[in-house]
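Colleague: Okay, here's the structure, questions in a sec.
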Amino acid sequence: MDVERAAFGRPFLVQRRYTRCERGRIGYPRNMTVRRIFTLLGAVLVVTAPTAASANIVAKVWIADESPLVVRGSGFHSDSQISVVVSKTKHIYKRTATSTAAGSFTARFTSNLSKACGNTLVTARDAGGALAISRTVMNDCGGMRVPPPR
């Protein structure tokens, strides 16, 4: 900026005029506008990144052992009650478990999983509403008999 002296002897600032090629699309000067945009974008990312990362965690559930029946899960809310239901061929097993601080749980049942052929459906829902479903399609019922090779 240019400094000129006024009639009173004190310096005052004169705004520099920008030419058409120096003008940015949003404001004057272009580098200040770009700097402001990047600063604002960085602040938004800092605020939203932790919440977005926690929202991407997906609840999962699986059968860890069939005899005795053990169901494990992860990705649930920490320290919440989890309702676990396992169903297979007219047998329904229900249990409640408490998740750890990391959001995982282990539900141990006193009985074994039914050996009858059929699909197995495992659902787990916590108090916060996180739901996980695991469906296992079993084809252990036998099928078409193939004669042995000659």
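Colleague: Just name the residue that is farthest from A127 (Cα to Cα) out of those in segment 83-97 that are surrounded by 12 or more Cβ atoms within 10 Å (Cβ to Cβ) and not small (G, A, S).
Modeller: Out of the qualifying residues, it is T89.
Colleague: So, one more: Residues to consider are K94, K88; find the one that is charged (D, E, K, R) and at pLDDT below 90.
Modeller: K88
Colleague: Take segment 57-84 and flag every residue that is within 11 Å of F105 (Cβ to Cβ) and polar (S, T, N, Q).
Modeller: If the condition is that a residue be within 11 Å of F105 (Cβ to Cβ) and polar (S, T, N, Q), then S74, S78, S80, Q81, S83 are the ones that fit.
The values are calculated or read from the model by the stated rules, or taken from the named source; none is laboratory data. For clarity, every value in this text was computed on a predicted model and none was experimentally measured. Positions of Cβ are backbone-derived with ideal geometry, glycine not excepted, and every protein chain shown enters the neighbour counts.
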